[in-house]
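One structure is given below, encoded as structure tokens.
The values are calculated or read from the model by the stated rules, or taken from the named source; none is laboratory data. Owing to the predicted nature of the structure, the values given are computational and were not obtained by experimental measurement. Cβ sites come from the backbone with ideal geometry, for glycine too, and all protein chains shown count toward neighbours.
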Ligand SMILES: Cc1cc2nc3c(=O)[nH]c(=O)nc-3n(C[C@H](O)[C@H](O)[C@H](O)COP(=O)(O)O)c2cc1C
């Protein structure tokens with residue numbers, strides 16, 4: 001993520017400039033026995049202590065400013081704070097303690113001496129305050145959910161992203177509707193919108209009234225959505241997806257769903273005629289995998305053509321790529337099964353072709369290392385997801401989005417804190433999701449565990465979520481019975497704040 005100028009950074013740049021000037025002054029000072037600081041008489045002989053104080057003091061000051069400016073937020077605060085403290089003790093304390101301990105320093109002018117010490121105290125206080133201030137208290141040097149961020153070639157106005165959410169309002173043949181356009185436009189104040197999961201082929205179809213992006217009429221429908229969101233000042237990414245085994249033949253013209261292995265999803269599936277058991281999926285032959293990978297490349301090209309700002313690979317929540325990755329759903333013995341490297345192959349190959357179809361700066365990937373949705377399980381989630389996260393990070397995608405466990409996952413899960421666990425392995429922008437509110441989001445961003453937070457349910461009921469968070473306004477209550485409904489009810493009719 002490129003570093004942008006804001007007020008805090010301009011102040012820090014000013015600090016660096018002052019540091020550079022005082023450094024120059026120090027160098028002249030040490031080399032010149034006749035140098036005089038106004039108000040002080042300096043003995044011509046220079047003690048080692050004096051040299052140390054002049055050089056190290058300025059270096060320390062510079063280091064603090066540079067750390068605050070460029071440092072990763074997770075460690076810049078404590079490091080800058082400690083350097084500030086050492087600076088105070090090592091550099092300024094002698095001024096406060098006074099003349100008796102400084103044989104080479106005399107202050108004949110008391111007023112100048114007091115001014116000098118007051119300035120030293122003030123500048124030190126400013127450093128300590130700037131380095132310890134917390135984002136959620138409106139700090140100047142730290143990032144929070146309202147800080148802009150550079151992503152997908154855009155300067156996004158905030159870090160409050162809208163998470164992908166299926167809302168089952170697409171039309172015949174998976175063509176986006178005018179109603180969907182209105183829904184996304186309402187939410188265009190999000191730093192970034194991620195669309196509902198969007199199928200990459202007919203084979204990928206697994207949710208009633210979900211949109212697609214593999215046909216021209218679907219691309220044309222999405223183009224109307226992206227244009228309207230852009231006109232409203234927003235940015236929108238298309239989440240592309242293959243359902244794998246999470247589907248039913250009844251909604252696919254009798255075609256059974258496909259999967260890495262013939263292991264059905266636990267639980268039941270919602271159809272218009274009621275709830276039914278998940279069927280046993282058909283095992284994909286090895287030579288059927290390349291066309292699936294290629295369908296993600298095609299969907300990426302279509303998303304680009306439809307005017308999206310990027311694409312997100314839905315590698316989470318128990319869908320096809322996740323089914324291949326986790327050994328509870330993958331019992332293959334070919335090059336897509338067995339070892340972690342083989343199980344992760346589909347995920348990596350898919351991300352690679354998506355990047356080749358557009359570029360790395362416009363492709364994000366979403367993973368749910370702690371999820372148990374649709375009966376997902378793995379014998380060693382930490383190792384499995386560690387492998388795939390490292391391999392994806394090496395492709396330098398636009399971002400990774402990682403889901404924290406929800407309340408249900410947390411009861412059984414091996415990984416309690418996903419962001420904390422995987423942040424050290426991720427060098428690209430990291431988006432956190434699941435169970436965040438404003439305070440938790442600010443805490444995660446301020447501590448450097450995430451660069452942005454995707455909100456799901458809060459965006460269903462609050463199209464103007466960023467403004468509500470800014471004003472600390474109350475949030476509308478979401479109505480679960482209309483999450484997957486039809487029509488505008490519970491979709492575009494939640495009240496907005498008066499502007
Ligand atoms: C109605 C609904 C539909 C969802 N559909 C999708 C989806 O299409 N793709 C996806 O990756 N996640 C989907 N999710 C998961 C959300 O993106 C998000 O991970 C989840 O709601 C947790 O975030 P939250 O606690 O902020 O709501 C859906 C969630 C809900 C409530």
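Residue check, residue 281 against (1) surrounded by 19 or more Cβ atoms within 10 Å (Cβ to Cβ); (2) closer than 19 Å to residue 354 by Cβ, all met but one. Which one?
Against the list (1) surrounded by 19 or more Cβ atoms within 10 Å (Cβ to Cβ); (2) closer than 19 Å to residue 354 by Cβ, residue 281 comes up short only on (2).
Could you please find all residues in region 167-179 being over 9 Å from residue 211 (Cα atoms) and within 16 Å of the ligand (Cβ to nearest atom)?
Result: 167, 179.
Please tell me if residue 239 is more than 16 Å from the ligand (Cβ to nearest atom), within 22 Å of residue 484 (Cα to Cα) and in contact with a strand residue (DSSP E or B) (Cβ under 7 Å, 6 or more places away or on another chain). Write out each step before concluding.
Details: more than 16 Å from the ligand (Cβ to nearest atom): no; within 22 Å of residue 484 (Cα to Cα): yes; in contact with a strand residue (DSSP E or B) (Cβ under 7 Å, 6 or more places away or on another chain): yes.
Against the criterion (more than 16 Å from the ligand (Cβ to nearest atom), within 22 Å of residue 484 (Cα to Cα) and in contact with a strand residue (DSSP E or B) (Cβ under 7 Å, 6 or more places away or on another chain)), residue 239 does not qualify.
Within the set of pairs 6 or more residues apart or between chains, which connect a residue that is farther than 20 Å from residue 294 by Cβ inside region 211-222 to a residue that is buried (at least 24 other Cβ atoms within 10 Å of the Cβ) and at pLDDT below 95 with Cβ atoms less than 9 Å apart?
Listed pairs, sorted by first residue: none to list.
Does residue 418 satisfy being closer than 30 Å to residue 272 by Cα, within 15 Å of the ligand (Cβ to nearest atom) and within 19 Å of the chain's Cα centre (by Cα)?
Working: closer than 30 Å to residue 272 by Cα: no; within 15 Å of the ligand (Cβ to nearest atom): yes; within 19 Å of the chain's Cα centre (by Cα): yes.
No; evaluated as a whole, the condition is false for this residue.
Can you spot a residue in region 188-198 that is on the phi > 0 side of the Ramachandran plot and not in a loop (DSSP other than H, G, I, E, B)?
No, region 188-198 contains no residue that is on the phi > 0 side of the Ramachandran plot and not in a loop (DSSP other than H, G, I, E, B).
Are any residues in region 427-482 more than 16 Å from the ligand (Cβ to nearest atom), surrounded by 15 or more Cβ atoms within 10 Å (Cβ to Cβ) and assigned to a helix (DSSP H, G or I), and if so, which ones?
Result: 446, 467, 470.
Tell me which residues, restricted to region 334-360, are exposed (fewer than 15 other Cβ atoms within 10 Å of the Cβ), more than 23 Å from the chain's Cα centre (by Cα) and not in a loop (DSSP other than H, G, I, E, B).
If the condition is that a residue be exposed (fewer than 15 other Cβ atoms within 10 Å of the Cβ), more than 23 Å from the chain's Cα centre (by Cα) and not in a loop (DSSP other than H, G, I, E, B), then 341 is the only one that fits.
Test residue 150 against the criterion of being at pLDDT below 95 and either assigned by TED's automatic domain parsing to the domain that holds residue 226 or surrounded by fewer than 22 Cβ atoms within 10 Å (Cβ to Cβ) (or both), and give yes or no.
Spelling it out, residue 150 is indeed at pLDDT below 95 and either assigned by TED's automatic domain parsing to the domain that holds residue 226 or surrounded by fewer than 22 Cβ atoms within 10 Å (Cβ to Cβ) (or both).
Looking at region 424-452, I want the residues that are without any contact (Cβ under 8 Å) to a residue 40 or more places away in the chain and over 24 Å from residue 386 (Cβ atoms) and have a partner that is within 11 Å of the ligand (Cβ to nearest atom) and in a helix (DSSP H, G or I) with Cβ atoms under 8 Å, at least 6 apart or on another chain. Which pairs are those?
The qualifying pairs are 437/458.
Between residues in region 474-499 that are without any contact (Cβ under 8 Å) to a residue 24 or more places away in the chain and residues that are away from the ligand (no atom under 15 Å from the Cβ), which pairs lie under 8 Å by C-beta distance while being six or more apart or on different chains?
As it stands, the answer is 476/495, since those pairs meet every condition given.
So which residues in region 158-170 are part of a loop (DSSP other than H, G, I, E, B) and either in contact with a helix residue (DSSP H, G or I) (Cβ under 8 Å, 6 or more places away or on another chain) or free of Cβ contacts under 8 Å to residues at least 60 places away in the same chain (or both)?
158, 159, 163, 165, 167, 169, 170
Can you confirm whether residue 200 is in the same structural domain as residue 292 (by TED's automatic domain parsing), surrounded by 24 or more Cβ atoms within 10 Å (Cβ to Cβ) and within 13 Å of the ligand (Cβ to nearest atom)?
No, not satisfied.
Residue under question is residue 160, and the condition is that it be more than 24 Å from residue 320 (Cα to Cα), crowded, with 22+ Cβ neighbours inside 10 Å, within 12 Å of the ligand (Cβ to nearest atom) and within 25 Å of the chain's Cα centre (by Cα); does it hold?
Spelling it out, residue 160 is indeed more than 24 Å from residue 320 (Cα to Cα), crowded, with 22+ Cβ neighbours inside 10 Å, within 12 Å of the ligand (Cβ to nearest atom) and within 25 Å of the chain's Cα centre (by Cα).
Inside region 209-219, can you point out the residues that are within 14 Å of the ligand (Cβ to nearest atom) and in contact with a helix residue (DSSP H, G or I) (Cβ under 6 Å, 6 or more places away or on another chain)? Step through it out loud before you land on a result.
If we filter region 209-219 for residues that are within 14 Å of the ligand (Cβ to nearest atom), which is where we start, we get 209-213.
Hits for region 209-219 are 211, 212, 213.
Taking the condition of being surrounded by fewer than 21 Cβ atoms within 10 Å (Cβ to Cβ) and either touching a helix residue (DSSP H, G or I) at 6+ places or on another chain (Cβ under 7 Å) or closer than 28 Å to residue 154 by Cα (or both), how many residues in region 220-253 meet it?
9
Would you tally the residues in region 286-313 being in contact with a strand residue (DSSP E or B) (Cβ under 8 Å, 6 or more places away or on another chain) and buried (at least 21 other Cβ atoms within 10 Å of the Cβ)?
Residues that pass the stated criteria total 11.
Determine, yes or no, whether residue 254 is more than 25 Å from the chain's Cα centre (by Cα), within 16 Å of the ligand (Cβ to nearest atom) and free of Cβ contacts under 8 Å to residues at least 60 places away in the same chain.
No; evaluated as a whole, the condition is false for this residue.
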